[in-house]
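The values are calculated or read from the model by the stated rules, or taken from the named source; none is laboratory data. Worth saying up front: this structure is predicted, and the values here are computed from it rather than measured. Reconstructed Cβ throughout: ideal geometry from the backbone, glycine too, with neighbour counts over all protein chains shown. For accessibility, only protein heavy atoms count, side chains too; no ligands or nucleic acids. Shrake-Rupley method; radii C 1.70, N 1.55, O 1.52, S 1.80 Å.
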Amino acid sequence: MNQRPTDTDPDFARLIVDSATDFAIFSVDAGGILTSWNIGAETILGWSADEAIGQRGEMVFTAEDREADAPADEMNRALADGRSINERWHVRKDGSRFWGSGLMMPLHGAAGGFVKLMQDRTAERMAQQRYHTMTATLPGFVFTTDTDGNNTETNQLYRDYTGRSAADLNGERWIEIVHPDDRAHILEGWKQAIATGQLFKERYRLRGADGAHRCFDCRALPERDEQDRIVCWLGTCIDVDAEAQAQSQLEQLNRDLEQAVTARTAELEAQVEERRKTEEALRQSQKMGAIGQLTGGVAHDFNNLLTVIRSSADLLRRQQLTEEKRQRYIDAIADTADRAAKLTGQLLAFARRQALKPEVFDVSERVHEVADMLRTIAGARIELAVKDRCHTCHIEADPSQFETALVNMVANARDAMNGEGCLTIGIDDVTGIPARRGHAAAAGDFVTISIADTGQGIAPDDLVHIFEPFFTTKEVGKGTGLGLSQVFGFAKQSGGEVDVQSSVGTGTTFTIYLPRTHADASATTTDVSSEVPLVGRGHVLVVEDNQMVGEFAAQLLEELGYTTIWAHSGQAALDLFNEAPGSFDVVFTDVVMPGMSGVALGQAVRRLDPGLPVVLTSGYSHILAERGTNGFELLQKPYSVEALSRVLRRVSRL
């Protein structure tokens, strides 16, 4: 009579191992020779037990990892720590690769050796690759590691700066690019963060591909699952070399001043010259300090955006996700990307480097349309009133930047009143701009939009700096100093001016002057509802010097129904154009490229084929800011699939 195996029977243990078909479970002796191989290993890796047992366990590793001695390193870590967790590419019997998540543990007993559990996580890896694509566009280094901080992945910007491959920055090899004087301290801080699960925050110098070192502020936070277990670490590094140099210059300046005092001579001319040099160096230090304050604010904002993007991406990986939740997480990623684009838009606006999209619109109508939103921003304890004394005041300006300027001024007034008081938005028409802040009066017809609050007012010492880039009275991390700079940049770039009147204790009034136009607003309004469906056809020449962006744009267009060919430069595009004249229906080109710019390419195409549509795309270009689009259609980066489809269908001659 057959007996059922018990939990002490070796066959029963083998039955349990072979039942785990989703996991490859195998063991090796102390020399790395395979001694067991379960059914899951046959399924995932392709070798049968007879083929595998007796072979070296390193056969499942890639050639690169074998060359880097990764199998031995994994066993050594398992002996040292009791386990070794890793995620890396592995190879199957047929030579194909898959992303394996593994756990190796030492076997106790006379025979010794190790047992390893591995699961195929290629699908999760591909989702992570999409995450890397998103982080590639962010203005800083991004890196992720596993729970032990050993398996490190970096974004393209990180690799481009260091001139190293992903493999060269993996494991603990990243420490090789840290300045030798900083390594011991940084390693200790990183190990402490891994051990405690607390925030890693350090400043250190990293060596670039050119051999020079720059200073970076690096932060890393652990990502946790529902059981509060750390699943990975996400970090960013922001270049603060300018701030570090400013600090060094300031320290040197202090030493120079002490020496100058002791070495002062009686010659008045020498004293005046020394004073001039000292004041100039101090002003430069203050500017560099302001850049450091901006860096802190922007890093804070982008880290918040990264957290939303990463968390949403992680939630999308969950099994049996409802459609409602999936859509919610996708919307969160898209909305956060839009917020990141708005932040970069503010940076460009205060520098007056943004290519605006002016339209003719009625100021009164636009202010009343956004009044409810402005009341929400101001808060329930602030009474907001609109006093409209100009019922047909048209201007030609970028409506999006106009609304952003209103939001920034309202938010500034709200903070000045500590969230409680009266806020008045006034609209009027005037003839001329009065003299202000050392500028002479200006004649002309203007529309004024004033924001008056009952707050604490602005101190005279701060009032003279209120519109300076980066200037803010808020603490680091609470504001970037871009709000009023955006207002100033928008007004100047729109041909207007901005003024401020304030008294401490009685409140502040900001007034924007914008040139008035008598054109009919409806003449420049685009009926969005009349746009054609999001499908297309035809042959598009994509011109983009960045390979990743170029290939992705081509993929988007193919998804929309177009056929595409990608050129990496303006000259390469012209060569293709001359080789096959008349074969393209649209040219879609980036503006900023080495050699020939997108505008220059468009002008050349216009001469060769005057009827061929050319669409420009750019997230920033001083050429567009200073000279405009030269009559070409412009699609701002980052753009949506819908916006790309609409602009191509609108200009297409098909």
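Scanning the range 401-415 for any residue that is of a type in the set (A, V, I, L, M, F, W, C) and part of a strand (DSSP E or B) turns up nothing.
Within the range 82-120, how many residues turn out to be free of Cβ contacts under 8 Å to residues at least 40 places away in the same chain and open to solvent by 10 Å² or more (accessible area, probe 1.4 Å)? Qualifying residue count for the region: 16.
Of all residues in the range 558-589, those that are assigned to a strand (DSSP E or B) and open to solvent by less than 40 Å² (accessible area, probe 1.4 Å) total 6.
Run residue 430 past the list (1) open to solvent by 30 Å² or more (accessible area, probe 1.4 Å); (2) at pLDDT below 85; (3) aliphatic (A, V, I, L, M); (4) under 17 Å from residue 497 (Cβ atoms) and report the number of the one that doesn't hold. Every listed condition holds for residue 430 apart from (2). Among residues of the range 433-480 being part of a loop (DSSP other than H, G, I, E, B) and of a type in the set (Lys, Arg), the one that is modelled with the highest pLDDT is 437. Would you confirm whether any residue within the range 218-238 is surrounded by fewer than 16 Cβ atoms within 10 Å (Cβ to Cβ), in a helix (DSSP H, G or I) and modelled with pLDDT of 70 or more? No. Within the range 503-522, the set of residues being at pLDDT 85 or above and open to solvent by less than 30 Å² (accessible area, probe 1.4 Å) comprises 507, 508, 510, 511, 512, 513, 514.
Within the range 339-355, is there a residue that is aliphatic (A, V, I, L, M), under 30 Å from residue 456 (Cβ atoms), modelled with pLDDT of 85 or more and part of a helix (DSSP H, G or I)? The answer is no, given that none of the residues of the range 339-355 is aliphatic (A, V, I, L, M), under 30 Å from residue 456 (Cβ atoms), modelled with pLDDT of 85 or more and part of a helix (DSSP H, G or I).
Return yes or no: is residue 155 open to solvent by 30 Å² or more (accessible area, probe 1.4 Å) and in contact with a Ser or Thr (Cβ under 8 Å, 6 or more places away or on another chain)? Break it down into steps so the answer makes sense when it comes.
Details: open to solvent by 30 Å² or more (accessible area, probe 1.4 Å): no; in contact with a Ser or Thr (Cβ under 8 Å, 6 or more places away or on another chain): yes.
So residue 155 does not fit the description; no.
Could you list, in sequence order, the residues of the range 113-145 that are modelled with pLDDT of 80 or more and closer than 22 Å to residue 190 by Cβ?
Residues of the range 113-145 that are modelled with pLDDT of 80 or more, as a first pass: 113-126, 141-145.
141, 142, 143, 144, 145 - these are the residues of the range 113-145 that are modelled with pLDDT of 80 or more and closer than 22 Å to residue 190 by Cβ.
Checking each residue in the range 624-654 for being in a helix (DSSP H, G or I), at pLDDT below 70 and of a type in the set (A, V, I, L, M, F, W, C) picks out 624, 625. Tallying residues that are in a strand (DSSP E or B), among the acidic types (Asp, Glu) and open to solvent by 70 Å² or more (accessible area, probe 1.4 Å) within the range 168-215 yields 0. Pairs are defined by a Cβ separation below 7 Å, a sequence spacing of at least 6 or placement on different chains, a first member in the range 42-67 that is farther than 10 Å from residue 92 by Cα and basic (Lys, Arg), and a second member that is open to solvent by less than 70 Å² (accessible area, probe 1.4 Å) and assigned to a loop (DSSP other than H, G, I, E, B); the pairs so defined are 56/32. I need the full set of residues from the range 568-607 which are closer than 21 Å to residue 649 by Cα and within 27 Å of the chain's Cα centre (by Cα), in order please. If the condition is that a residue be closer than 21 Å to residue 649 by Cα and within 27 Å of the chain's Cα centre (by Cα), then 588, 589, 590, 591, 598, 599 are the ones that fit. Please find, within the range 604-623, the residue that is modelled with the lowest pLDDT out of those that are closer than 29 Å to residue 492 by Cα and open to solvent by less than 10 Å² (accessible area, probe 1.4 Å). Here the answer is 621.
Taking residues in the range 207-223 that are more than 25 Å from residue 192 (Cα to Cα), and partners anywhere that are hydroxyl-bearing (Ser, Thr, Tyr) and open to solvent by 10 Å² or more (accessible area, probe 1.4 Å), the pairs with Cβ atoms closer than 6 Å and at least 6 places apart or on different chains are 208/161.
Looking at this structure, is residue 99 out of contact with any Leu (no Cβ under 7 Å at 6 or more places or on another chain) and under 25 Å from residue 231 (Cβ atoms)?
The answer is yes for residue 99.
For residues that are in contact (Cβ under 8 Å) with a residue 60 or more places away in the chain, part of a strand (DSSP E or B) and open to solvent by less than 40 Å² (accessible area, probe 1.4 Å), scanning just the range 369-400, find the one that is nearest to residue 493 (Cα to Cα). Restricting to residues being in contact (Cβ under 8 Å) with a residue 60 or more places away in the chain, part of a strand (DSSP E or B) and open to solvent by less than 40 Å² (accessible area, probe 1.4 Å), the top hit is 397. Close Cβ contacts (under 6 Å, 6 or more residues apart or on different chains) running from residues in the range 423-437 that are closer than 30 Å to residue 380 by Cβ to residues that are assigned to a loop (DSSP other than H, G, I, E, B) comprise 427/390; 428/389; 428/390.
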